[in-house]
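These notes are about the structure you will find just below.
The values are calculated or read from the model by the stated rules, or taken from the named source; none is laboratory data. All of these numbers come straight from a predicted model, not from anything done at the bench.
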Amino acid sequence: MMAECQIIRLLIVEDDEGLLNSISRIMAMQPDIDVVGSYVSTEEAMETTDWSEVDVMLVDLGLPGVSGVDLIASATFQNPQLYCLVHTAHDDRESLFAALRAGAVGYVIKGMPVLETLEAVRAVSIGTPTLSPSVARYLIDEFRSRSSTKPDEALSSREIDLLHLSAQGLIYKEIGDRLSISSGTVHSHIKRIYRKLQVANREQALRRAQALGYLVPVARERDDPQAQ
């Protein structure tokens, strides 16, 4: 006896109503896909969707009002198990990285054969990253260029100040007090610094910052018991 296939609960957000209806109809014809919602805007999707009941969201980026990127960020925050597949006419670098940073795991360009879009939905439903060839090229170019410092990797003067304070071992609240900003703002700066430096934690950030010349290693004599 054949095992029952896993049903993919799919949500579609597309502001072109004709395209939305066409995609919804094709997806609903598939035995392994259940279209649980189809909307023309972020606001409509956010108002009516129970995100715990969605496995995959197929979303355009150029939505009216609140953008598709913001929708991805909000939806994946509410349901970390949700997989987002971007379906858009935009294949530019800025749109790509904004969507990926927001939480998208796939990015396909409108106009590709419908069977490829179907397979992309199925692939991301199990967490497999899926990118159109033109989009994959951007990622390859970005990876290759990471061996040298890029202009968009440059830290602002505020971020450098924050790094210096972090290197002193201060916690977010202490850093915020020094810079007259909230600990939440400090956290946002830290996340941005990690992204720019392509690191995952404080120790890696400080090492990377030193290597790039943002920080000069300083001997912390006051932490040395023998220096007292």
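Exactly one of these conditions fails for SER74: (1) small (Gly, Ala, Ser); (2) part of a helix (DSSP H, G or I); (3) at positive phi. Give me its number.
(3)
Would you confirm whether any residue within region 39-51 is among the aliphatic types (A, V, I, L, M) and assigned to a helix (DSSP H, G or I)?
So far as region 39-51 goes, yes, one or more of its residues are among the aliphatic types (A, V, I, L, M) and assigned to a helix (DSSP H, G or I).
Suppose the filter is at pLDDT 90 or above, among the aliphatic types (A, V, I, L, M) and assigned to a helix (DSSP H, G or I); does VAL121 pass it?
yes
Report the residue count in region 79-90 for those that are of a type in the set (S, T, N, Q) and modelled with pLDDT of 90 or more.
The number of residues fulfilling the criteria is 2.
Within region 77-104, count every residue that is closer than 18 Å to GLY37 by Cα and assigned to a loop (DSSP other than H, G, I, E, B).
3
Taking the options ARG178, ARG158, name whichever one is part of a helix (DSSP H, G or I), more than 25 Å from PHE97 (Cα to Cα), modelled with pLDDT of 85 or more and of a type in the set (Lys, Arg).
Just a single option satisfies the conditions, and that option is ARG178.
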